[in-house]
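S.K.: For reference, the structure I am asking about is given below.
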Amino acid sequence: MKQPGAKRGMPIPKGAIKKGTMKRLLKYVFKYYKKHLIVVFICLILSAAGGLVSSVFMQQNIDKVITPGVQNGFDSVKGVLVKNLVIMGSVYLIALVSTFLYNRIMATVTQGVLYHFRKDMFEKMQTLPIKYFDTHAHGEIMSTYTNDTDAVRQLVGQSIPTLFSSTLTLVVAVSVMLTYSFIMTGVFFLCVILMAFAVKKIGGRSGRFMVAQQRSLAIEEGFVEEMMKGQKVVKVFTHEEAAKHDFDKLNEQLYSDARNAHIFGNILGPILGNIGNFTYVLLAICGGLLLVSGIPNLGFSSIAAGLQPITLGFVIPFLGMSRRSTQAVNEMSHQVSMIAMGLAGTSRVFALMDEQPEQDEGYVTLVNAEKDENGNITEAEKHTGLWAWRHYHKADGTVTYTELKGDIVLDQVDFGYVPEKQVLTDVTLYARPGQKIAFVGATGAGKTTITNLINRFYDIADGKIRYDGININKISKKDLRRSLGIVLQDTNLFTGTVMENIRYGRLDATDEECIAAAELANADDFIRRLPDGYNTMLTNNGANLSQGQRQLLSIARAAVADAPAMILDEATSSIDTRTEALVNDGMDKLMKGRTVFVIAHRLSTVRNSDAIMVLDHGRIIERGTHEQLIEQKGVYYQLYTGAFELE
């Protein structure tokens, strides 16, 4: 079993992180939390300053308190010491409050950004065409909502602030270092260059594998979701070992990517730590030599005050700042792989949000209507049971109304899901109001494709489809689909009560209308035998109901929609013969006065159709009533007689 899109041993996806993703993410965050981030920026500056204040005040205490105190007595410097301690305490207090505020605000910002991301993604998902969901594994889409948004959380809540804070600390520390000593700062820069080289070589590889890990995780989740959904099929065909074998391949790929990502990520820290230790020792030796040699100190402070030999008050704080600076570089390097993974996740989130929504250029809308005493159609403000197409003519600014009857015509329709492979060729048919049109033929002949085109789930390549004489390309998709009831072979029941699931067909339907629809579909009897009747809670796609009962609810849902045209795609495929007779009775009542398209493999269910279309490889090869096709003794005759011979 091969998961769509899954490539064994796939290379790291090229362009996994789209250019400009970081800029777009920051713009997105600022859109909602501009004031919060300004406060965070100020808090980070104060917090970074607080982290370096000890080194600065150590120099002040050594040069202005300890050294003069040893020479002249500590009573003479008591005032300076108290002043320095008060200033240090105040700075530390401000830094502590800033850190507290920063963490509190960032928690709000991070969760708020995720809230807006999930909201925007779900809203965008509702606008996407069916084609998107047909071409993307559901598990991968779910991974965007879970793993990728979690990567965004890590990026916004930790990686970016840490990177900014560490960069700020490094800049401030280097500025103070340059004030103290150019020579020692030059030595420090040489070591920083060595650290930057290690980050580029090792951290870069870690980041690339982090991106690959995110992709592999999405593919594996897609596979697991597929296996869970098809667990019964796996069991029936004893496919457990094959499924485990396929999973092991995906799991091995994920393991390999994750292992490599964390190997390079974990060895980077110790390497940078040892370079930092080496830097500290080297600077200590350099400072000691400068102290012993008495060479005039070169630094911004000494230039301003006159060249003087370097003092212990400069060397010791310098060593502390170098330690803090190398720690900042180390912290920045740790975020390289996390930033890469976060940006990969952000790219996938933005990719979903950037998908082209379903295009709808239709301007003909469906409205409530009524007829005046002369039989003319006018628009009504309330539900009347009569519907009409409101057609605005841009050329002259007039509006005409066409009664919704369910007259559907396909004229020389060609279609292919992909341009290079045509599925339907020159399909021409008509369905007059109240007629029942059946499609029969082998699997893959194009039966369901025709109904997908009527709903405009896909747009045709050539030809015309007219609904009540109006080209459906001119009809708003929302209104077009409101006029069509549909019962699919695969039922989908949502978490909620039985009543709520029936009402899904028309949200403004009353309880009485829902019950009437259930009675029409012959579902009322089994519903009333449920523990809470119509208030019985359904979960997990109605797992507490049989497949036939789920199908009956799906039919009741279509019945309450009360659409003038209906599409039944194998609507009775999961119902036993006795229940099928009851359903057919209800369906006959439901179909009365409606245009109905029926797709069925049980040919006994289409005998009473007004016209039967026999499809083969996307072409209509036979058409007529049941009796006419039996007399022709063609493909339909073979299908019909063969089916009953098998029975």
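S.K.: On a full-extension model of 0.36 nm per residue, what is the gain between residue 430 and residue 274, subtracting their alpha-carbon distance, rounded to one decimal in nm?
M.R.: The span from residue 430 to residue 274 would gain 48.1 nm if fully extended.
S.K.: Under 16 Å between alpha carbons, and skipping anything fewer than 8 positions from residue 371 in its own chain: which aspartates and glutamates qualify?
M.R.: Correct list for residue 371: 379, 381, 403.
S.K.: Mind giving me the FRET efficiency for residue 398 and residue 478? R0 is 35 Å, r the Cβ-Cβ distance, nearest 0.05 is fine.
M.R.: FRET efficiency, residue 398 to residue 478: 0.90.
S.K.: Moving on. 5 Å is the cut-off here: which amide hydrogens, built 1.01 Å from N in the peptide plane, fall below it relative to residue 308, excluding neighbours closer than 5 in sequence?
M.R.: Result for residue 308 returns 297.
S.K.: Moving on. Which three extents, in angstrom, do the Cα atoms of the range 21-353 have along their principal axes, listed largest first?
M.R.: Taking the Cα atoms of the range 21-353, the three principal extents are 94, 39, 28 Å.
S.K.: For the ranges 435-445, 278-288, 322-332, what's the packing order if you count other beta-carbon atoms within 10 Å of each residue, average per peptide, and put the highest first?
M.R.: Per-residue mean Cβ counts within 10 Å order the peptides as 322-332, 435-445, 278-288.
S.K.: A further question follows. Would you please classify the overall shape of the chain from the alpha carbon gyration tensor, given that a ≥ b ≥ c denote the square roots of the eigenvalues, rounded means a/c under 1.5, and beyond that prolate means a/b larger than b/c while oblate covers the rest?
M.R.: prolate
S.K.: Sticking with this structure for a sec: Of the listed peptides 259-272, 365-378, 493-506, 532-545, what is their order by residue-averaged count of other C-beta atoms within 10 Å, with the highest listed first?
M.R.: By packing density, highest mean first, the sequence is 493-506, 259-272, 532-545, 365-378.
S.K.: Could you tell me the calculated FRET efficiency between residue 86 and residue 351, based on Cβ-Cβ distance and R0 = 51 angstrom, to the nearest 0.05?
M.R.: 0.40
S.K.: Same structure, new question: Using the structure shown, list the pairs from 124/382; 405/447; 19/421; 232/436; 464/633 with a Cα-Cα distance above 28 Å, or answer none.
M.R.: 124/382; 19/421; 232/436; 464/633
S.K.: Also: Just rank 90, 347, fewest to most, by other beta-carbon atoms within 10 angstrom.
M.R.: So the ranking, lowest neighbour count to highest, is 90, 347.
S.K.: Placing +1 at every Lys and Arg Cβ and -1 at every Asp and Glu Cβ, with all other atoms neutral, what dipole size does the chain have around its Cα centre, in debye to the nearest 20?
M.R.: 3300
S.K.: Full-extension gain between residue 420 and residue 103, please, as 0.36 nm times their residue separation minus the C-alpha to C-alpha distance.
M.R.: Extra length available between residue 420 and residue 103 comes to 108.6 nm.
S.K.: Sticking with this structure for a sec: Does the range 145-293 come out rounded, prolate or oblate by the C-alpha gyration tensor, with a ≥ b ≥ c the root eigenvalues, rounded set by a/c under 1.5 and, if not, prolate when a/b is larger than b/c and oblate if not?
M.R.: prolate
S.K.: Another one. Among 92, 180, which comes first, then next, by fewest other beta-carbon atoms within 10 Å?
M.R.: With the sparsest Cβ surroundings first, the list reads 92, 180.
S.K.: Measure out, as a whole number of angstrom, how far apart the alpha-carbon centroids of the range 192-228 and the range 431-454 sit.
M.R.: Going from one Cα centre to the other spans 48 Å.
S.K.: Hey, another quick one. With r as the distance between the Cβ atoms of residue 507 and residue 412 and R0 = 41 Å, compute the FRET efficiency 1/(1 + (r/R0)^6) and round to 0.05.
M.R.: Computed FRET efficiency for residue 412 and residue 507: 0.65.
S.K.: Add -39500 (n - 2.57) for each DSSP H run of 4 or more in the chain, then divide by its residues: what number comes out at 222 nm, to the nearest 500 deg cm²/dmol?
M.R.: -19000 deg cm²/dmol
S.K.: What whole number of Å gives the distance from the Cα centroid of the range 589-623 to the Cα centroid of the range 128-159?
M.R.: 41
S.K.: Counting only residues 5 or more places away or on other chains, whose amide H sits under 5 Å from the amide H of residue 599 once H atoms are built in the peptide plane?
M.R.: Here the answer is 439, 568, 569, 570, 571, since their amide H atoms fall under 5 Å of that of residue 599.
S.K.: In the range 606-637, which trypsin sites (Lys or Arg not before Pro) fall in coil by DSSP and have 16 or fewer other Cβ atoms within 10 Å?
M.R.: Hits after loop and neighbour filter: 607, 633.
S.K.: While we're here: Show me the helices of the chain, taken as full DSSP H stretches, that run 27 Å or more along their long axis by Cα and average 1.0 or above in Kyte-Doolittle hydropathy.
M.R.: For the chain, where a helix must reach 27 Å along its axis and average at least 1.0, the hits are 160-180.
Computed from the coordinates by the stated procedures, all read-outs in this text should not be read as laboratory data. Values in this document were obtained by computation on a predicted structure and should not be read as measured data. So basically every Cβ, Gly included, is an ideal-geometry build from the backbone, and we count neighbours across all protein chains shown.
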